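Just so it is clear, none of the values below were taken in a lab; they were calculated from the coordinates. This is a predicted model, so every value here is computed, not measured. Reconstructed Cβ throughout: ideal geometry from the backbone, glycine too, with neighbour counts over all protein chains shown.
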Amino acid sequence: MKTASKSDLFRMLPSVDEILREERLNELVRQDGLASVTDAVRAVLSRMRQEIAAGRLDSAAINLALPGVPSAVERQLRQSLTYSLRPVINATGVILHTNLGRAPLTASAFDHLHETGANYSNLEFDLESGARGKRDVHLDRLFRKLLMDEASPVSTQPVSEPATIVVNNNAAAVLLALNTLAEGGEVIVSRGELVEIGGSFRIPDVMSKSNATLREVGTTNRTRISDYANAIADKTRLILRVHRSNFEITGFTEQPALGELVALARERKIPFMEDQGSGAFFDLGLVGIGNEPGVLDSLNAGVDVVSYSGDKLLGGPQAGMLSGRNHLITRMRANSLFRALRVDKLTYAALEATLRAYVKRDYDAIPALRMMRLSKADIGQRAENLAVKVRSNVVAVEVIDGESVVGGGAAPTAVLPTRLLAMICQGLSADEIAVRLRMSNPPVVARVEDGRALLDLRTVLPEQDEALTNILQVFTTEPQRKRESQN
């Protein structure tokens, strides 16, 4: 019998129109539209052509596959119309996991997002006067309350009536500040602070875009206050201190105290800005994390402007904040860049809900802070309860000591003691377990160490425990089903 050529095999495939006339696809066309279904049909046919070209489909295989084409089209359609951005279960123990969206939002933020996003709002409308308003006012009262909080650390040079503006991320905040305060002039920065953050964004590059000139001082590991003082010249417009957000220099090091830089800036009448990166309104010392600066600490020490993120230690949505002296913030607000970098109503809504939790000191309402505050014992109890439900003759689960990290470029050397679920499954390597977890619904992201898949419940939301248990129990039952199918 003559073997069919590839041209003959290609001719066996139906046309797009033929498939669209299939009665089974009529309902799909009504639900999702002709254009979407047509795209799905073309994708299915394209895959079949690729299989033929690769020699993996002969005439017999094509005849077997053709009755299943409508089902394949439906699967393709569902896949193409499914959201690409999906919720996942973060079992890595990294609280501010950049690749997983950093800080989860407080529940009240979702209510406020729905209220303002599903309706018109007074974003830039003064209800009392009936005139155009400013979007800043919705957050200004909350920021002022937090920044002027009487419970803040003792102030040596407090900022009088500090102001705050919001842009779309901290890199934008730094760009806006540098362009406003130092365009055409020099900015003094220690060589040990010329950091690169995620996505290859570098402080020198941001400075270049701001049209300010970088003036490096000191060395990588040692910079003295005299280095800053000697670098000040006629073109100096700003002294900038950058938090080393994701690394630490140890050993033979030196760095001026914040107070020294404040005093130098005051003496020379030059603004002093600190880029904190993460920024915190919560005393991290209460959860055992030291040496991580807070926004209040810096402002109370006399720093003129502090830039920080919304979705890191603050625990809110992605945003960049600039807080500091009113006249400097006013200049930034008047910069045309501010309009290009400003945020929308949904970010304002989520930030407003987050800041209200801080004002009420309801720290457990903010998921990232709640995770930091969890005790090792509490996490261990949850892990033991889950392990009991998952252990079997094919799945070994042990609860062991481990460490969680803050992540997100915050507190690079700080760790939080935790208890981990260490999982071994018969017939699967640790890497294979991790892949299976990521392919589950919802996906579970774990970590692999020493030949075991490790899950840290510190970063698993309590309401996700049931879903995680069901996913892990699949590993218990799946090998049994495979053996039964083989017998």
Legend entry - Set Lys134/Lys209; Lys312/Lys376; Lys145/Lys269; Lys269/Lys312; Lys145/Lys376 screened for pairs whose C-alpha atoms are more than 24 Å apart: Lys134/Lys209; Lys145/Lys269; Lys269/Lys312; Lys145/Lys376
Legend entry - Ratio Rg/Rh, restricted to the stretch 350-476 and using Cα atoms, in which Rh is the Kirkwood radius: 1.01
Legend entry - the stretch 105-363: proportion of alpha-carbon pairs further apart than 32 angstrom, %: 21
Legend entry - Sum of side-chain charges, Ala109 neighbourhood, beta-carbon under 12 Å (Lys, Arg +1; Asp, Glu -1): -3
Legend entry - Highest-first arrangement of 49-57, 170-178, where packing means the average Cβ count within 10 Å: 170-178, 49-57
Inset, instruction - Measure nothing fancy, just the Cα-based angle from helix 345-359's long axis to the longest principal axis of the chain, in degrees from 0 to 90, nearest 10. - result: 60
Inset, instruction - Write down the Kirkwood hydrodynamic radius of the chain, to one decimal in angstroms, obtained as one divided by the mean of 1/r over all alpha carbon pairs. - result: 26.5
Inset, instruction - Take the Cα of Ala61, step 7 Å along the line toward its Cβ, and report every residue of the stretch 2-20 whose backbone nitrogen sits under 19 Å from that point. - result: 2-14
Inset, instruction - Place the peptides 293-299, 362-368 in order of packing, highest mean first, counting for every residue the other Cβ atoms within 10 Å and averaging per peptide. - result: 293-299, 362-368
Inset, instruction - Measure nothing but the geometry: give the 0 to 90° angle between the long axis through the Cα atoms of 258-268 and the longest principal axis through the Cα atoms of the chain, rounded to 10°. - result: 50
Inset, instruction - Quickly estimate the mean residue ellipticity at 222 nm for the chain, helices only: each DSSP H run with n ≥ 4 gives -39500 (n - 2.57), and the total goes over all residues, rounded to 500. - result: -13000 deg cm²/dmol
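Can you tell me the order of 16-28, 216-228 when each peptide is scored by its average per-residue count of other Cβ atoms within 10 angstrom, highest first? Present the calculation step by step, with values, prior to reporting the outcome.
On the way: 16-28: 14.2, 216-228: 17.3.
Packing order, densest peptide first, comes out as 216-228, 16-28.
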Inset, instruction - For the chain, find the longest principal axis of its Cα atoms and tell me its angle to the long axis of helix 69-81, 0 to 90°, nearest 10. - result: 10
Legend entry - DSSP bridge pairs, the stretch 105-363: antiparallel proportion in percent, nearest 5: 45
Inset, instruction - Among DSSP beta bridges whose residues both lie in the chain, state the antiparallel percentage, nearest 5. - result: 60
